[in-house]
């Protein structure tokens, strides 16, 4: 990796932490200059706009979460156990954030809402990928007899994602990861009750 690539990676890493704590609107280029030790020209040599930096930071965050999830699922064959392991791994963000500040998908999703279509699309696509994984594992669990045939993959995806995101938000706001622990336990119990 050459020096330019190293600098770009440093910008992305620092931006990820800043954006997740301050938000897209709250992070200034001065903040990023201070964190990286670069002048404005140094930042803009690698990225044309602040939005481009945020998109790269978001992609970096998603890759970190995906890596954590891959490690949690390694060697697990059972679809129900894969879902349970993913719930444990993602709920753990409340206790052990991938990047300080909680879940970047939720943070940017709430901040972008209807004000920034690029950020909204990024967060929507991430949630849809997560939902797709849950639906896929749910269908496998139904097929192999781990879940009742009446289990609705769409509803389960909505339940898991909204529960985990809400639990991380509550844990951050209240300063107590017990909320994520409770939701994690409830979701795992819910999976156990989906047996035929």
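The values are calculated or read from the model by the stated rules, or taken from the named source; none is laboratory data. Just so it is clear, the model here is predicted, and its values are computed rather than measured. Please note: Cβ atoms are built from the backbone with ideal geometry, for glycine as well, and neighbour counts cover all protein chains shown.
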Matching residues in the range 23-43 - criterion: being free of Cβ contacts under 8 Å to residues at least 40 places away in the same chain, assigned to a helix (DSSP H, G or I) and either under 18 Å from residue 62 (Cβ atoms) or under 25 Å from the mean Cα position of the chain (by Cα) (or both)
26, 29, 31, 32, 35, 36
Going through 163, 171 one at a time, which residue ends up being surrounded by fewer than 20 Cβ atoms within 10 Å (Cβ to Cβ) and assigned to a helix (DSSP H, G or I)?
163
Considering only residues that are in contact (Cβ under 8 Å) with a residue 60 or more places away in the chain and over 17 Å from residue 162 (Cα atoms), look in the range 106-121 and name the one that is nearest to the chain's Cα centre (by Cα).
119
Reported set for the range 14-40 where residues are in contact with a helix residue (DSSP H, G or I) (Cβ under 8 Å, 6 or more places away or on another chain) and closer than 10 Å to residue 50 by Cβ is 15, 19, 24, 25, 27, 29, 32
Determine if the range 135-143 includes at least one residue that is free of Cβ contacts under 8 Å to residues at least 40 places away in the same chain, in a loop (DSSP other than H, G, I, E, B) and more than 20 Å from the chain's Cα centre (by Cα).
no
Is it the case that some residue within the range 66-82 is modelled with pLDDT of 95 or more, surrounded by fewer than 20 Cβ atoms within 10 Å (Cβ to Cβ), over 21 Å from residue 184 (Cβ atoms) and out of contact with any strand residue (DSSP E or B) (no Cβ under 9 Å at 6 or more places or on another chain)?
yes
